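See structure below.
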Amino acid sequence: MGTNSRIVVVGGGIAGTMTALNLQRRGEHVTLIDRWEPGHSRAASSDYNRVIRAISGRDEFYTRWAREARQRWLELQAESGQNLMYECGALILATEGHCDWEDSTSETFDKVGVPYHRFNRDEIIARFPQFKVDDISYALYEPQAGLLMAHRCVITAIDLFKKAGGIVQRGHVTTDVNEKPMLDGKPLEADVIIIATGAWAADLFPRTIKPLSTIIGINVLYTSTPDGSDAFDMANMPCWIDHGQGSFGIPSSEGSGVKAAVVIPDKIDIENDERLIRQQSLVRTRSYIQRRLPLLEGEKIVDSKFNQVIITPDTHFIVDWHPQHENVLFAGGCSGHLFKHGPVFGDFTAGVAMRDYATADRFKVGARKKLSPKESPSGR
């Protein structure tokens, strides 16, 4: 495919925005379409922050992608002058007796050359007294991990896309009975149509994407830091992943409060449900915070987020052509770990879109199976 193709990207989250930016910078004519204003609160790419870390179990592919993405985020930060990433580190807590994912990760880090430290329980307590770790066997600490300011990353990428000549358009894309994309009820015409609609892709493509997808809601709480204390600020506390508890968290960044999520598979009607945290999750998450971060007991919840995530059986992304429509390319399947890969994912998807190369086998539309914790890049 030659340059100056007319390309439409549907979906202005991190996957769509980074793909559109990469294509526009290649010299293509790109239009980015979303139902709402980019950065809107229904998007899985919204919220204040996201963890960026290389930990991916035995999976060297995503480990290398995460390392490359870190470099590209730093470049985008320097180019834009925006604070997009803070390298406060990430602490991976390995639960006693359930350490397969963490054991595999340390082996992968050694192979790939990812800087990390292994701390025993006493070392965790001495280095990071915020955490109660009586049930933890050891921890991996990745000093060059940290957090991305998610909403700011999306808005900054949109700004760079516009400055490169890209067009952002408001519109509602649906599909007909043959899964052909329609814009506001009329056939959507372009040389390439890239579908990066996140969880909405499942209902848009009931034959192709829905069988590969589970849509869950993720409840997140932000807890106030204690009066007069900076112990829970990102200058003094890392992000953490608590795989044994199905949880993760981020220290207070730019005054946000401490973010903690307990991943309870929660149903969500993405069209009709209001984005309000569930009471059951409020209780479960507060209980987790009191157990793992006891110094926050009694502190007030200052904010909350409830959003949707599309998960594939093997938690690999989807980057592949529609089997019936040769100009329709799927780009998504976030499975809870796509955001941090954004710049690399967008670059890769742009190359597939321009037919510079085929997609990776792991990203293809087709039969997939659940992976063991050792094999799963997300540990799920």
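What do you get for Rg/Rh of the chain when both radii come from the Cα atoms and Rh is the Kirkwood radius? Using Cα coordinates only, the ratio equals 0.96. Along each principal axis, taking the top coordinate minus the bottom one, the Cα set of region 142-268 gives 58, 38, 26 Å in descending order. Placing pseudo-labels 7 Å out from each Cα toward the beta carbon at LEU295 and ASN4 gives an inter-label distance of 6.1 nm. Straight Cα distances below 16 angstrom link LYS300 to the lysines LYS259, with same-chain residues fewer than 8 positions distant left out. Site pair ASP159 and SER372 shows an inter-label distance of 4.8 nm when each label is modelled 7 Å from Cα along Cα→Cβ. Assuming R0 = 56 Å, can you tell me the calculated FRET efficiency for the pair LYS111 and ASP184, based on Cβ-Cβ distance, to the nearest 0.05? Calculated value: 0.65. Judged by the gyration tensor of its Cα atoms, with axes a ≥ b ≥ c, region 208-255 is prolate; a/c meets the 1.5 cut and a/b is the larger of a/b and b/c.
Taking a ≥ b ≥ c as the square roots of the eigenvalues of the Cα gyration tensor, region 1-160 is classed as prolate, since a/c reaches at least 1.5 and a/b is larger than b/c.
Fully extending the segment from ASP361 to SER41, taken as 0.36 nm per residue of separation minus the present Cα-Cα distance, adds 111.9 nm. The long axis of helix 60-80 is offset from the longest Cα principal axis of the chain by roughly 80 degrees. Rounded to the nearest Hz, the phi-derived 3J(HN,Hα) couplings of region 100-109 under the Karplus curve 6.51 cos²θ - 1.76 cosθ + 1.60 (θ = phi - 60°) are 3, 5, 5, 4, 5, 5, 5, 5, 5, 4, where x marks glycine and proline.
Calculated FRET efficiency, PHE61 to HIS325, Cβ-Cβ distance, R0 = 25 Å: about 0.35 to the nearest 0.05. Angle of helix 342-353 to the longest C-alpha principal axis of the chain, folded into 0 to 90 degrees and rounded to 10: 20°. Mean separation of Cα pairs under 8 Å and 6 or more residues apart, divided by the residue count, gives the chain a relative contact order of 24 percent. Sites counted here are GluC sites (Glu not before Pro) in a DSSP loop (not H, G, I, E or B) having no more than 14 other Cβ atoms within 10 Å; the longest part of the chain that contains none of them is 1-95.
For ASP303, the residues whose modelled amide H falls within less than 5 Å of its own, excluding neighbours fewer than 5 places apart on the same chain, are TYR222. Computed from phi, the 3J(HN,Hα) profile of region 161-172 under the Karplus parametrisation 6.51, -1.76, 1.60 (θ = phi - 60°) reads 4, 5, 5, 7, x, x, 10, 9, 10, 8, x, 10 Hz, with x in place of Gly and Pro. Note on LYS111: lysines with a C-alpha under 23 Å away, same-chain residues under 8 apart excluded, are LYS340, LYS374. Between beta-carbons, use under 14 Å as the cut-off and find the net charge around ARG35, counting Lys and Arg +1, Asp and Glu -1. Local charge sum for ARG35: -3. Note that region 250-256 has calculated 3J(HN,Hα) couplings of 9, x, 5, 10, 6, x, 6 Hz, one per residue in order, obtained from phi through the Karplus relation 6.51 cos²θ - 1.76 cosθ + 1.60 (θ = phi - 60°); glycine and proline are x. For GLN82 and ASP230, the FRET efficiency from 1/(1 + (r/R0)^6), where r spans their Cβ atoms and R0 equals 22 Å, is about 0.40.
Each value in this text was obtained by applying a stated rule to the coordinates, not by laboratory testing. Since we're looking at a predicted model, the values are computed, not measured. Counting neighbours? That spans all protein chains shown, and the Cβs are built from the backbone with ideal geometry, glycine included.
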